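Since the structure comes first, as structure tokens, the remarks are kept for the end.
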Amino acid sequence: MHPILTLVLQRLGLGLILLLAASALLFGLTEILPGDAAQAILGQGATAENLANLREEMGLNRPALTRYVEWLGGIVTGDMGTALTNKLPIADQVSRRMGATLFLAFWAAIISVPLAILLGLIAVRFQNRWPDKLISGVTLASISLPEFMIAYILVFFFAVQLFWAPSFASISPGMTLLEQLHAISLPVAVLTLVVLAHMMRMTRAAILNVMQSAYIETAELKGLTTFKVIYRHAFPNAIAPIVNVVMINLAYLVVGVVVVEVVFAYPGMGQYLVDAVVKRDVPVVLACGVIFAAVYIILNIVADVVSILANPRLRHPK
């Protein structure tokens, strides 16, 4: 078997094992939490008899292992179950909420990825000069602040003071694309600032590492300008680590939006997860957790595969 195919299959197998382990961990964590969905629905004043009847109706009194196996079998067959609190199919809610989260993550990625690579190239071109120091300083400041603080700062200036953007990101199917983009402008800006610094700094470091190679010196001796040397010779050979950090940050744009969605009351997966945790709706929490874990694992596998394909020793084995 070809070495590349072997490595890809190994990554896929490892991804499945990690996803199974993540599902078991999530289920175990929900089991050890105090209280349950019956308590959350009936409230603190519920009698023991009413709690017992509701737990019997919801199936919460069955062994945890039995419920885990049944839930996992449903996930494998595409059945995420029914929410305990409103009796609605989880899959329908997840499909709608996931679409909203992906819409937000897509526009954040469209802005942040090209901008991070461009700023990384500029920082390398003007290494240790004021453009490099300015870019590094601003991005370092943005990555040092927590997401909610960046969000509230942007809301204060652009929503409260200037009225340029809404403080709540509410979208609906009847809105035009421009109206939707205006509604999500602030959460997109927050996500862009959060992931931009990491991608830019890794791009800069990867290109600077390649710039130490002998063939770069040869290209410079041929009379090529510094920027041509960077984007024609250094950047293509630094693509593997750049793709790795881009994929990790793309995963973050999907699975790390919980705080941003809660701050802006955005109807995505993060808000859905928080609501389910508050109500102790375990099936919804498990479904959201597994989806987030699957997205993160899949994008990391893609990054590994790209790194493998970028290795000429694996593409052309002796």
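Per-structure values
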{"read-out": "Surface/4 of the Cα convex hull for the stretch 218-318, nm²", "value": "10.0"}
{"read-out": "When the chain is reduced to its Cα atoms, the Kirkwood hydrodynamic radius in Å", "value": "22.6"}
{"read-out": "Whole-number percent relative contact order across the chain, with pairs defined as alpha carbons under 8 Å at least 6 apart", "value": "28"}
{"read-out": "Neighbour-limited loop hits for chymotrypsin sites (Phe, Trp or Tyr not before Pro), the stretch 101-189 (at most 10 other Cβ within 10 Å; DSSP other than H, G, I, E, B)", "value": "163"}
{"read-out": "Amide H contacts of residue 82 (H built 1.01 Å from N, under 5 Å, at least 5 apart or other chain)", "value": "90"}
{"read-out": "From the C-alpha gyration tensor of the stretch 86-188, square roots of 5λ in Å", "value": "33, 18, 14"}
{"read-out": "R0 of 22 Å, Cβ-Cβ distance residue 168-residue 102: FRET efficiency to nearest 0.05", "value": "0.65"}
{"read-out": "Separation of the residue 79 and residue 160 label points, Cα + 7 Å toward Cβ, nm", "value": "5.0"}
{"read-out": "Kirkwood hydrodynamic radius of the stretch 1-132, from inverse mean 1/r over distinct Cα pairs, in Å", "value": "19.8"}
{"read-out": "Kyte-Doolittle at least 1.0, axis length at least 30 Å by Cα - qualifying DSSP helices, the chain", "value": "3-32, 90-125, 185-210, 282-309"}
{"read-out": "Label point 7 Å beyond Cα of residue 57 along Cβ direction - residues of the stretch 66-106 with amide nitrogen under 15 Å", "value": "83-88"}
{"read-out": "In nm, spacing of pseudo-spin labels at residue 143 and residue 25 (7 Å Cα→C-beta vector)", "value": "2.3"}
{"read-out": "Neighbour cut-off at most 10 other Cβ (10 Å), DSSP loop, trypsin sites (Lys or Arg not before Pro), the stretch 49-100", "value": "87"}
{"read-out": "Portion, in percent, of the accessible area of the chain that falls on carbon or sulfur, probe 1.4 Å", "value": "68"}
{"read-out": "Shape metrics for the stretch 197-269, restricted to C-alpha atoms - Rg then Dmax, Å", "value": "17.8, 56"}
{"read-out": "Cut-off 12 Å, label 7 Å out along Cα→Cβ of residue 130, residues of the stretch 202-227 by amide N", "value": "none"}
{"read-out": "The stretch 24-169 - percent relative contact order, Cα under 8 Å, separation 6 or more", "value": "9"}
{"read-out": "Accessible solvent surface per residue of the chain, calculated while the other protein chains remain in place, 1.4 angstrom probe, Å²", "value": "54"}
{"read-out": "All-pairs Cα distance distribution in the stretch 131-290, expressed in whole percent, bin size 10 Å", "value": "10, 27, 28, 19, 11, 4, 0"}
{"read-out": "Per-peptide average of other Cβ atoms within 10 Å, ordering 183-196, 296-309 highest first", "value": "183-196, 296-309"}
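The values are calculated or read from the model by the stated rules, or taken from the named source; none is laboratory data. Quick caveat: nothing in here was measured; it's all calculated off a predicted structure. Neighbour counts run over all protein chains shown; Cβ positions are idealised from the backbone, glycine included. The accessibility values were calculated without ligands, DNA or RNA, using every heavy atom of the protein model including side chains. Shrake-Rupley method; radii C 1.70, N 1.55, O 1.52, S 1.80 Å.
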